[in-house]
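These notes are about the structure you will find just below.
The values are calculated or read from the model by the stated rules, or taken from the named source; none is laboratory data. Note that the structure is a prediction, hence the values are computed from the model and not measured. Note: ideal-geometry Cβ built from the backbone for every residue, glycine included; neighbour counts use all protein chains shown.
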Amino acid sequence: MHENNDSFEAVIGLEVHSQLLTKTKMFCSCPNIFGMKPNTAVCPVCLALPGALPVINIEAVRLAVKAALALNININKKSLFARKNYFYPDLPKGYQISQYLDPVSSNGYLDIETEDASKKNKINKRIRINRLHIEEDAGKLIHIGNRSYVDLNRAGTPLVEIVSEPDISSAAEAVAYLKALREILVYLSVSDGNMEEGSFRCDANVSVRRKGDHQLGTRAEVKNVNSFKFVEKAIEYEIERQIDLILSGGKVIQETRLYNSKENITRPMRGKEEAHDYRYFEEPDLPPLILSEEFVNEIKNSITELPSEKRRKYVSEYKLTEYDAEVLTQNKDMAGYFEDLIKENLGRIEIKKLANWVINDLLFGLKSITSISKPIEEEVVEKLISEDEGWAGNSKIIGNFIPMYKTKLTDVSAENFLELILEVEKGNINKNIGNIVLLEMLKNPSKKAAEIIKEKNLAQVSDDKGIEDIVKQAVSENQKEFADLVAGKDKLFGFFLGEIMKKTKGKANPKKANEILRKYVDENK
């Protein structure tokens, strides 16, 4: 019987190492800070000098338990540290303090959501988690030319290793699992999740088997892949490699492989070790880790609503789109700010409109003012407010001229931001002027919207007589264009609206300006 790739299925398990957000290392008081000068964050403990003894970092334990509870993993009230023995230049002790037979937590799960093959339907799947255990990180090698140097600053950094069961069936599922996992760890401030700095790393155990078989195939481990994109590509390549190898009559061997992102291939690194190769034994310098019921419950009670729960609530209760819900729950500060806005609102403005202001205006404004260094120029502001497109519609203009300020989301309070939104809703200013006021608020977070509107004389012109005079002035200055508009060139209507907004510095009520200009055109036909 002829076989093809469709007659195989992939079986994937992931091992994730995530550094914990502690001030100090796992077993000593050295600072846990990325980017320090090589070999400056070290001491006798993390250098493994004779007579130095490790002491457990209780904050690391707290964060590990917090992560385990959020991932539905059972907490073991008694756990043991063990020595994992291997020899490598960046491992000063010749062993790594980890956990093996008795981890701090075991037997949990994480629910993920992926798309089906047609990418039209969502599929929910539960990935079992074998264990989450605590360990210390090794140092790192720095390669310069044909020489390698050892930096031991990272040695002793606290980690959690999260080991899934082989429940993952595709590269897309693996990425969905990793994203969901990282989201929780970052949301709870357990880890910063920075993959580029190595604080969130993934090893993928990949095997294939013929569909219908229950026995697992021989697995290869792909080590230390540092982005979601590369995880997906590495797993896809490894699945295809193993299937092609079997179909050509070869055998998959158990080994550790490295992914080469430039060539999009995996290469052999070494034979895959088994647990007995590490000669695990109980760490004699550390006592058993005993967790009280009160300690665990205190941590459990500190865990707030997780992003996935918030997204469901935003869609079901607030009637937001899935996209909006995803953006608003991208981090804890964002979700907290949006919910503060809802509390301040007291039902005056529909929640969907509040969400639009946060996503389309506030976030865009924050991104702009923190990424650009050129000074804003008067004519650019005039061009901005003369175009009735709103902030996002003028992103290119703003992106070129807004100055750099160190502003974060919470600098403009929810109360002050809501006040700005209400000024627009009441018609005191139009949306474009609202974006100019928002820019000023981001530059000067202590200033209120009403204060800025008054200072800069930005209140909207809504009286008919004032707008009629501006319309007549625009027509008198552009008589040929007005004649063409009256003759049927409707595209010029936007031109005249732009002139009206420019002459009023964006303060004309757009709706009234539209009505009065339309009436004036009809009267002259």
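Kindly indicate whether any position in the stretch 28-42 is closer than 30 Å to Asn301 by Cβ, touching a helix residue (DSSP H, G or I) at 6+ places or on another chain (Cβ under 6 Å) and of a type outside the set (D, E, K, R). Scanning the stretch 28-42 turns up no residue that is closer than 30 Å to Asn301 by Cβ, touching a helix residue (DSSP H, G or I) at 6+ places or on another chain (Cβ under 6 Å) and of a type outside the set (D, E, K, R). Scanning the stretch 180-195 finds no residues that are outside any strand (DSSP E or B), more than 22 Å from the chain's Cα centre (by Cα) and over 14 Å from Asn32 (Cβ atoms). Restricting Glu440, Glu415 to those that are exposed (fewer than 14 other Cβ atoms within 10 Å of the Cβ) and either part of a helix (DSSP H, G or I) or of a type in the set (Phe, Trp, Tyr) (or both) reduces the list to Glu415. Does Lys262 satisfy being exposed (fewer than 14 other Cβ atoms within 10 Å of the Cβ) and over 30 Å from Ile134 (Cβ atoms)? Taking the combined requirement at face value, the residue satisfies it.
Would you check which residues across the stretch 454-480 are more than 30 Å from Tyr520 (Cα to Cα) and either modelled with pLDDT of 85 or more or buried (at least 18 other Cβ atoms within 10 Å of the Cβ) (or both) and list them? Answer for the stretch 454-480, where residues must be more than 30 Å from Tyr520 (Cα to Cα) and either modelled with pLDDT of 85 or more or buried (at least 18 other Cβ atoms within 10 Å of the Cβ) (or both): Lys454, Glu455. Looking only at residues of the stretch 2-39 that are of a type in the set (Phe, Trp, Tyr) and in a loop (DSSP other than H, G, I, E, B), we find that the one that is surrounded by the fewest Cβ atoms within 10 Å (Cβ to Cβ) is Phe34.
Given (1) closer than 21 Å to Asp6 by Cα; (2) not in a loop (DSSP other than H, G, I, E, B), identify the lone condition not met by Ala176. Unmet for Ala176, out of (1) closer than 21 Å to Asp6 by Cα; (2) not in a loop (DSSP other than H, G, I, E, B): (1). Screening the candidates Lys223, Lys251, Lys262, Lys229 for the property of being of a type in the set (D, E, K, R) and within 22 Å of the chain's Cα centre (by Cα) yields one hit, Lys229. None of Ala60, Ala52, Ala48, Ala67 is in contact with a helix residue (DSSP H, G or I) (Cβ under 8 Å, 6 or more places away or on another chain) and either more than 22 Å from His133 (Cα to Cα) or surrounded by 15 or more Cβ atoms within 10 Å (Cβ to Cβ) (or both) except Ala67.
For the stretch 439-453, the set of residues classified as under 14 Å from Asp411 (Cα atoms) and among the charged types (D, E, K, R) consists of Glu440, Lys443, Lys447, Lys448, listed by residue number. Screening Leu341 with (1) among the aliphatic types (A, V, I, L, M); (2) surrounded by fewer than 15 Cβ atoms within 10 Å (Cβ to Cβ); (3) assigned by TED's automatic domain parsing to the domain that holds Phe417 gives one miss only, at (2). Among the conditions (1) closer than 23 Å to Ser7 by Cα; (2) part of a strand (DSSP E or B); (3) of a type in the set (A, V, I, L, M), Met269 misses just one, which is (1).
Scanning the stretch 200-220 for residues being polar (S, T, N, Q) and assigned to a strand (DSSP E or B) gives a total of 2.
Answer yes if at least one residue in the stretch 133-144 is without any contact (Cβ under 8 Å) to a residue 12 or more places away in the chain, surrounded by fewer than 20 Cβ atoms within 10 Å (Cβ to Cβ) and over 24 Å from Tyr280 (Cα atoms), and no otherwise. Yes, because at least one residue in the stretch 133-144 is without any contact (Cβ under 8 Å) to a residue 12 or more places away in the chain, surrounded by fewer than 20 Cβ atoms within 10 Å (Cβ to Cβ) and over 24 Å from Tyr280 (Cα atoms). Residues in the stretch 114-149 that are among the hydrophobic types (A, V, I, L, M, F, W, C) and either modelled with pLDDT under 95 or not in a strand (DSSP E or B) (or both): Ala117, Ile123, Ala138, Leu141, Ile142, Ile144.
Taking the stretch 55-78 as the range and being part of a strand (DSSP E or B) and under 32 Å from the mean Cα position of the chain (by Cα) as the test, the residues that pass are Asn74, Ile75.
Among the conditions (1) in a strand (DSSP E or B); (2) more than 24 Å from Arg182 (Cα to Cα), the only one that Asn224 does not satisfy is (2). In summary, helices (runs of 4 or more DSSP H) completely within the stretch 464-513 and bearing 1 or more residues that are under 26 Å from Gly434 (Cα atoms) and either of a type in the set (Lys, Arg) or under 51 Å from the mean Cα position of the chain (by Cα) (or both) occur at 464-477, 492-503. Taking the numbered list (1) free of Cβ contacts under 8 Å to residues at least 24 places away in the same chain; (2) crowded, with 18+ Cβ neighbours inside 10 Å; (3) among the aliphatic types (A, V, I, L, M) in turn, Ala483 passes all entries but (2).
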